[in-house]
Amino acid sequence: MLNKILKLVFALGLVFCLVLVRYYENVLFYDPFLDYFKGDFNQMPLPEFDVFRLILNLLFRYGLNMIISLGLIYVIFKDYMMIQFSFFLYLVAFFVLLILFFLVINYYGSDNNFLLFYVRRFLIQPIFVLLFIPAFYFQKRHS
């Protein structure tokens, strides 16, 4: 009983950490697209941005979300192989999404804002953990 309560407390603590990353996004990260996508971005040109600084901040935010998400997966499943597999998937996804992000910016500009919006969303939000937890639960249950 105590083990389940501790597991729940740790899981809720990690979810709260994800909420804090989102809450303090304006303070912690350089992202000129935050304000851009809060406005009527279909009618506006893309904001000016420093590529190197943006990449570093996307890496920092993605890495922070990834570490917290991997901790959450570990607390729930206690399986080191799942953590290794998830880490590999996170790394591959980051490079694919980052390349796609800059390809969309360079080739489409503000002509395809929705694609840019969703690619960026996968980079800055912990969406993968929402996919991994049910998938791992299903796999563990059926194996």
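Restricting attention to segment 57-82, the residues that are within 16 Å of the chain's Cα centre (by Cα) and in contact (Cβ under 8 Å) with a residue 12 or more places away in the chain add up to 15.
In the set Leu2, Leu46, Leu28, Leu8, only one residue is in contact with a Ser or Thr (Cβ under 8 Å, 6 or more places away or on another chain) and not β-branched (Val, Ile, Thr); that residue is Leu46. Apart from one condition, Gln43 fits all of (1) under 30 Å from Ile133 (Cα atoms); (2) exposed (fewer than 12 other Cβ atoms within 10 Å of the Cβ); (3) not hydroxyl-bearing (Ser, Thr, Tyr); the exception is (1). If the condition is being within 30 Å of Arg120 (Cα to Cα) and surrounded by 13 or more Cβ atoms within 10 Å (Cβ to Cβ), then segment 1-19 contributes Phe10, Ala11, Gly13, Leu14, Val15, Cys17, Leu18.
Looking at Leu34, is it surrounded by 14 or more Cβ atoms within 10 Å (Cβ to Cβ) and farther than 20 Å from Asn65 by Cα? Judged against the criteria, Leu34 is not a match.
For segment 63-83, the set of residues classified as aromatic (Phe, Trp, Tyr) and either loosely packed, with under 14 Cβ neighbours inside 10 Å or within 17 Å of Phe95 (Cβ to Cβ) (or both) consists of Tyr80 only. Residues in segment 63-103 that are among the hydroxyl-bearing types (Ser, Thr, Tyr) and either in contact with an Asp or Glu (Cβ under 8 Å, 6 or more places away or on another chain) or at pLDDT 95 or above (or both): Ser69, Tyr74, Ser86, Tyr90. In segment 94-127, the qualifying residues are those that are in contact (Cβ under 8 Å) with a residue 12 or more places away in the chain and more than 20 Å from Phe29 (Cα to Cα), and the one that is surrounded by the fewest Cβ atoms within 10 Å (Cβ to Cβ) is Gly109. In segment 55-62 there is no residue matching the filter, namely being modelled with pLDDT of 95 or more, exposed (fewer than 12 other Cβ atoms within 10 Å of the Cβ) and of a type outside the set (Val, Ile, Thr). Hey, does segment 55-77 have a residue that's closer than 30 Å to Ala135 by Cα and charged (D, E, K, R)? Yes, segment 55-77 contains a residue that is closer than 30 Å to Ala135 by Cα and charged (D, E, K, R).
The values are calculated or read from the model by the stated rules, or taken from the named source; none is laboratory data. Since the model is a prediction, treat every value here as computed from it, not as a measurement. Note that each Cβ is placed from the backbone with ideal geometry, even for glycine, and that neighbours are counted across all protein chains shown.
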